[in-house]
1. Tell me which residues, restricted to the stretch 72-100, are in a loop (DSSP other than H, G, I, E, B) and in contact with a His (Cβ under 7 Å, 6 or more places away or on another chain).
2. Looking at this structure, is residue 69 in contact (Cβ under 8 Å) with a residue 40 or more places away in the chain, part of a strand (DSSP E or B) and more than 20 Å from residue 4 (Cα to Cα)?
3. Could you please give the count of residues in the stretch 105-151 that are of a type in the set (Val, Ile, Thr), modelled with pLDDT of 95 or more, part of a loop (DSSP other than H, G, I, E, B) and over 14 Å from the mean Cα position of the chain (by Cα)?
4. How many residues are surrounded by 13 or more Cβ atoms within 10 Å (Cβ to Cβ) and either modelled with pLDDT under 95 or out of contact with any Leu (no Cβ under 7 Å at 6 or more places or on another chain) (or both) when one looks only at the stretch 6-15?
5. Go through 64, 56, 28 for me and flag whichever is at pLDDT 95 or above and over 24 Å from residue 141 (Cβ atoms).
6. Of the numbered conditions (1) of a type in the set (Phe, Trp, Tyr); (2) surrounded by 15 or more Cβ atoms within 10 Å (Cβ to Cβ); (3) within 21 Å of residue 25 (Cα to Cα), residue 72 fails exactly one; give the number of that condition.
7. Within the stretch 31-53, take every residue that is closer than 27 Å to residue 137 by Cα and among the aliphatic types (A, V, I, L, M) and give me the one that is nearest to the chain's Cα centre (by Cα).
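The values are calculated or read from the model by the stated rules, or taken from the named source; none is laboratory data. Note that the coordinates shown come from a computational prediction; the quantities given were computed from them, not determined experimentally. Here the Cβ is made from the backbone with ideal geometry for all residues, glycine too, and neighbour counts use every protein chain on show.
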Amino acid sequence: MEQIRITKRFTFEMAHALRGYDGPCRHIHGHSYVLDVTLGGRPVADPDDPKDGMVIDFGELKAIVQRTVLAYYDHALVLHEDERAALPAEHPLFARTVFVPWQPTCENLLQEVVSRIRPEVPPHVRLMHARLQETATSWAEWTPGTGPFSR
């Protein structure tokens, strides 16, 4: 049987600021992100299995992304960890601030998303592609590989 790819789309809201950036994105601002996650594998071929005909149940993929990505980043403010001292400690406006050791660009966020999802994918399927759209006209894409662009 041929391999099939399945894709599920997720949306979340997140704010960030780019530390040391020389443009307007150095200020706190938000985006409505669109995340597409593609898994590949062979559909279950067992009429007695409730997942017969599925590569993976879309509900299982949804639970993985909810637990590993959305619960962490949805409605959060993401800043580089060197900005921690700039925020008032314990202020309720900043209760969902996530400090990261990397510049919170779309590209780096996508790599982080992939690193969170990958270990949770069942062994009979493979993470094949991920796409994170930051604006209507801008996004980053990830595919597995080797060389300077793999992580």
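1. Hit for the stretch 72-100 is 96, nothing else.
2. The answer is no for residue 69.
3. Of the residues in the stretch 105-151, 1 are of a type in the set (Val, Ile, Thr), modelled with pLDDT of 95 or more, part of a loop (DSSP other than H, G, I, E, B) and over 14 Å from the mean Cα position of the chain (by Cα).
4. The total comes to 2.
5. 28
6. Among (1) of a type in the set (Phe, Trp, Tyr); (2) surrounded by 15 or more Cβ atoms within 10 Å (Cβ to Cβ); (3) within 21 Å of residue 25 (Cα to Cα), the lone unmet condition for residue 72 is (3).
7. Among those that are closer than 27 Å to residue 137 by Cα and among the aliphatic types (A, V, I, L, M), it is 35.
Residues are listed down the side, and each one gets a yes or a no for (1) touching a residue at least 12 places away in the same chain (Cβ under 8 Å); (2) among the aliphatic types (A, V, I, L, M):
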{"position": "92", "(1), (2)": "no, no"}
{"position": "98", "(1), (2)": "yes, yes"}
{"position": "101", "(1), (2)": "yes, no"}
{"position": "107", "(1), (2)": "yes, no"}
{"position": "113", "(1), (2)": "yes, yes"}
{"position": "119", "(1), (2)": "no, no"}
{"position": "132", "(1), (2)": "yes, yes"}
{"position": "140", "(1), (2)": "yes, yes"}
